1. Output ³J(HN,Hα) for the range 87-103: one whole-Hz value per residue in order, computed from phi by the Karplus curve 6.51 cos²θ - 1.76 cosθ + 1.60 with θ = phi - 60°, and x for Gly and Pro.
2. Round to a whole angstrom and tell me the spacing of the C-alpha centers of the range 235-304 and the range 43-64.
3. State which entries of Lys43/Lys311; Lys144/Lys229; Lys205/Lys311; Lys54/Lys312; Lys54/Lys183; Lys185/Lys312 exceed 23 angstrom in Cα-Cα distance in the structure shown.
4. Restricting things to alpha carbons, tell me how big the range 212-348 is in terms of Rg and Dmax, in Å.
5. Over every pair of different alpha-carbon atoms in the chain, take the mean of 1/r and invert it; report that Kirkwood radius in Å.
6. For a paramagnetic label modelled at 7 Å from the Cα of Leu11 toward its Cβ, which residues of the range 67-90 fall within the zone defined by backbone nitrogen distances under 13 Å?
7. Do the sum for the chain: with -39,500 (n - 2.57) for every DSSP H run of n ≥ 4, divided by all residues, what is the mean residue ellipticity at 222 nm, to the nearest 500 deg cm²/dmol?
8. Rounded, prolate or oblate: which fits the range 86-141 when a ≥ b ≥ c are the square roots of the eigenvalues of the alpha-carbon gyration tensor, with rounded for a/c under 1.5 and prolate only if a/b beats b/c?
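Bear in mind these aren't lab numbers, they're just calculated from the coordinates by the rules spelled out. Note that the structure is a prediction, hence the values are computed from the model and not measured. Using ideal geometry, Cβ is built from the backbone for each residue, glycine included, and neighbour counts are taken over all protein chains shown.
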Amino acid sequence: MSVSRLIQNGLERCRGIRDMVGNTPLLAIHLRFRGEPRVIYAKAEHLNLTGSIKDRMALHILERAYLDGAIHPGDRIAEATSGNTGIAFSAIGKALGHSVEICMPNWMSQERVSLIRAFGATIRPVSHDEGGFLGSIRLCEELKRRESGVFLPRQFSNPANIEAHRVGTGPEIAAQLSHRGLKAKAFVAGVGTGGTVMGVGQYLKSLDSGVHIHPLEPAESPTLSTGCKVGRHRIQGVSDEFIPPIVDLQSLNDIIAVADGDAILMAQRLACELGLGVGISSGANLIGALMAQDRLGPEAVVVTIFCDDNKKYLSTDLLREEQTRPGYLSPEVELVAYEAMPRANLSM
Ligand code: PMP
């Protein structure tokens, strides 16, 4: 088979799995906050192929790379990740016929490590002493310099990460709301690479420049507010060790901080009380969305993301008893019910 035929084949394989990524339901979460009826809208990204929002970015980056000739059949994909990206590239990379190498900090949940291995990818664990997250990125860059046939998605600096959400997640949210005659007043999303908050933010702002776009970070480890790694937190997938190059804080509204224990309590309650099995950052996002709504008024349409499912957290504090603390919002929330709004079915 000629090389161009093989590339064509890669693109065809991308198209072949597109229906398994994105086009998720938007959930209307009905709740009471301090006794007042509220609705928060949450995009059900835990329903993606590998159970997280990162499938969108992984598929989009690979599709772009095929179109630009940046990846070739047989290339090895190497990426630095705190977990979900690794799982997404491992599964989608394999679906497209690539081998995958994942460099990741060695303190991520065992489930993440096992899942990546289950997809046949190689894991290079990186300790705090070896540089943690930044060390993982350095390892990938070294690999690319040393060896030929290596493709680096570079999720923290690749504009295609933002683009995945500007052309996918954002338009889906707007279409799903407009189906009910609604328009977003605010959007809140925890920042890992920042692809979600930047991409959805750019699209919603193109429709209404007055929409509020809030990045969210853990209160215990405010990387965005301080510009560097401080403290420790348990909201895996957000607030790595630096402000990613694709994040432009100037273009966003103020940063919302949520305590990791509060996020855990909220994620536990979403599972126990509504049957929604989502991860810790989803709990944080729901609390952050309530904070944003509190400023704008109880009727404001505020949208957030349920980033991943709870299956990767079975060995973590998500499944342990968590004490509430003064200032936590989750004890003031009564979850009532949720309804899944129809999928947007936009053709891309
Ligand atoms: N939550 C979880 C569980 C994640 O894995 C990620 C991605 N690292 C995020 C939130 C943040 O998404 P983004 O990288 O688009 O900022």
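1. The phi angles translate into 5, 5, 5, 4, 6, 6, x, 5, 4, 9, x, 10, 8, 9, 10, 10, 9 Hz.
2. Here the two parts' Cα centres lie 19 Å apart.
3. Values: Lys43/Lys311 18 Å; Lys144/Lys229 26 Å; Lys205/Lys311 34 Å; Lys54/Lys312 14 Å; Lys54/Lys183 25 Å; Lys185/Lys312 32 Å.
Flagged as over cut-off: Lys144/Lys229; Lys205/Lys311; Lys54/Lys183; Lys185/Lys312.
4. For the range 212-348, the Cα-based Rg and Dmax read 15.3, 47 Å.
5. Values: mean 1/r = 0.0495 Å⁻¹.
Across the chain, the inverse of the average 1/r is 20.2 Å.
6. Residues passing the 13 Å test: 67-71.
7. Details: 11 runs with 130 residues, N = 348.
Roughly -11500 deg cm²/dmol at 222 nm, from the helical runs in the chain.
8. Working: a/c = 3.04, a/b = 1.59, b/c = 1.91.
Oblate, since a/c reaches 1.5 and b/c is not below a/b.
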